[in-house]
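The values are calculated or read from the model by the stated rules, or taken from the named source; none is laboratory data. This structure is a prediction, so every number in the text was calculated from the model and none was measured. Virtual Cβ from ideal backbone geometry, glycine too; neighbours counted across all protein chains shown.
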Amino acid sequence: MFSQFERIVARRYLKAKRKEGFISVITGFAFTGIALGVATLIIVMSVMNGFRSELLGRILGINGHIGIVSNNSMPFTNYKQAISDINALDNVEIAIPLIEKQLLVSSGRAAEGAMVRGIRREDIEKKKTIRDGMAGINMDEFEGNNVLVGYRLAQKMGLMAGDEITLISPNGKITAFGTVPRMKSYRIAGLFELGMYEYDANFIFMPLDTAQTYFGTGDGVTNIDVTLKHPDLLYQTREVIRNGVGDEAYIFDWKQSNAAFFNAIDVERNVMFLILTLIILVAAFNIITGLIMLVKDKGRDIAVLRTMGATKGMIMRIFFMDGAFIGVVGTTIGVILGVLFCENIESIRQFLQNISGRELFSAEIYFLSRLPAEINVAEVVMVVVISLLLSFLATIYPAYRAAKMDPVEALRYE
């Protein structure tokens, strides 16, 4: 496609002489712009993918794909049969009974709102995310009046394992003097860390039978949590469960519960992609600027080549090779930088935090305790294609201008 002569001339034009140092600086800016644009786009898209994937994984690791709650605010007393029927469905991995109530937790020194989840110990073992978050806790103690508290909630309240807390529920006993809040003290058997701030700072796990006694649900539960084998069949499975349950319960799925949040992430991701693509576009204009200056500076050389028999096509290909080289090398460097940054992003974050002395990824704001990054090969390929396409398009006009240069006029003004 390109002759040996064209490649040699294109390579010589990229190596600026001392008096042409400014042109080499422009070329360097074009390299840097393309590389930084590609690297930034890969990093941001990977972080957005990682954030969404990590958040989704933890949400679905703690909660199931489908939730069932009573419509009439009365507990499910026949939940054992319901769970047996749900577990018999082909697409259901596990269905577990829960009691979830909001209340106030007090330690004598501080008070915080919290969500208490009554759950059986064997069901904790079935949920990998929860099970992993309980590492280091003696689960044999998860019985009776012992509870597990999120470590961030414990930090806020100045608590540790072995301390006692008092749970205060507004749904207490009705007396002649009004409703008396239900209060009871429990011992902290351990502190868990699920890796998601919302749960680590607000959740308390309690044995299911203890929760039934405390909340007065008898042998009933308030929720049934369903995890699916194939999440793609979410809607079909939800309809099957709805038909089986009827109007006695309200059924919802994780997409309904978190729709606004994940839609916001997707919108932000798309907007960031468009904005950061402009960085590559700006770098492409640097290529145009650099090549136009190169064409102007090499006017005499172009004229000599034309008089020696070089065709317009040869001249055009020479300058096209120069611009394409900048685009290809810049894109390659950008991909390498972006991938290396994503692979070590948490270490880089820790390093920058240690240097600056400031928290760069607050769990209170971003919900996660670590900075995630997930490289999507298809997206990286798309970024590379866009970068190369813009780079190649940027070379067309300068190359065409060089090919159209009149050798007689160029030699006259030189």
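Cβ-Cβ distances below 8 Å connect the following pairs, each with a first residue in region 203-229 that is more than 27 Å from Gly244 (Cα to Cα), a second residue that is surrounded by fewer than 23 Cβ atoms within 10 Å (Cβ to Cβ) and among the acidic types (Asp, Glu), and a separation of six or more residues or different chains: Pro207/Glu143; Thr210/Glu143. When the test is whether a residue is farther than 28 Å from Gly218 by Cβ, part of a helix (DSSP H, G or I) and not aliphatic (A, V, I, L, M), Arg131 passes it.
Please tell me if Arg117 is part of a helix (DSSP H, G or I), of a type outside the set (A, V, I, L, M, F, W, C) and surrounded by 12 or more Cβ atoms within 10 Å (Cβ to Cβ). When the stated conditions are applied, Arg117 does not pass them. Residue-level check: of (1) surrounded by fewer than 15 Cβ atoms within 10 Å (Cβ to Cβ); (2) within 30 Å of the chain's Cα centre (by Cα); (3) assigned by TED's automatic domain parsing to the domain that holds Glu100, Leu191 misses just (1).
None of Phe51, Phe29 is within 22 Å of the chain's Cα centre (by Cα) and in the same structural domain as Leu337 (by TED's automatic domain parsing) except Phe51.
For region 153-168, filtered to residues that are farther than 18 Å from Leu194 by Cβ and surrounded by 14 or more Cβ atoms within 10 Å (Cβ to Cβ), the residue that is modelled with the lowest pLDDT is Ile168.
Each row is one residue, and each column tells you yes or no for (1) surrounded by fewer than 17 Cβ atoms within 10 Å (Cβ to Cβ); (2) among the aliphatic types (A, V, I, L, M); (3) touching a Ser or Thr at 6+ places or on another chain (Cβ under 6 Å); (4) assigned by TED's automatic domain parsing to the domain that holds Glu379.
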residue	(1), (2), (3), (4)
Trp254	no, no, no, no
Met272	yes, yes, no, yes
Leu278	yes, yes, no, yes
Ile288	no, yes, no, yes
Leu291	no, yes, no, yes
Arg317	no, no, no, yes
Ile326	no, yes, no, yes
Ser347	yes, no, no, yes
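Taking each residue of region 82-106 that is assigned by TED's automatic domain parsing to the domain that holds Gly118 and looking for partners that are buried (at least 19 other Cβ atoms within 10 Å of the Cβ) and of a type in the set (Gly, Ala, Ser) with beta-carbon atoms closer than 6 Å, six or more apart or interchain, yields Ile83/Ala95; Ile86/Ala95; Asn87/Ala95; Ile99/Gly118; Ile99/Ala211; Val105/Ala114. Restricting to region 353-392, name every residue that is in a helix (DSSP H, G or I), surrounded by 15 or more Cβ atoms within 10 Å (Cβ to Cβ) and modelled with pLDDT of 80 or more. Scanning region 353-392 gives Glu379, Val380, Val383, Val384, Ile386, Ser387, Leu388, Leu390, Ser391, Phe392. Keeping to region 77-110, report how many residues are among the small types (Gly, Ala, Ser), crowded, with 19+ Cβ neighbours inside 10 Å and assigned to a strand (DSSP E or B). Final tally of qualifying residues: 1. Filtered by the rule that a residue be over 31 Å from the mean Cα position of the chain (by Cα) and over 15 Å from Gly162 (Cβ atoms), region 123-139 gives a lone residue, Met139. Under the condition of being surrounded by fewer than 20 Cβ atoms within 10 Å (Cβ to Cβ) and more than 20 Å from Arg121 (Cα to Cα), the residues counted in region 217-237 number 8.
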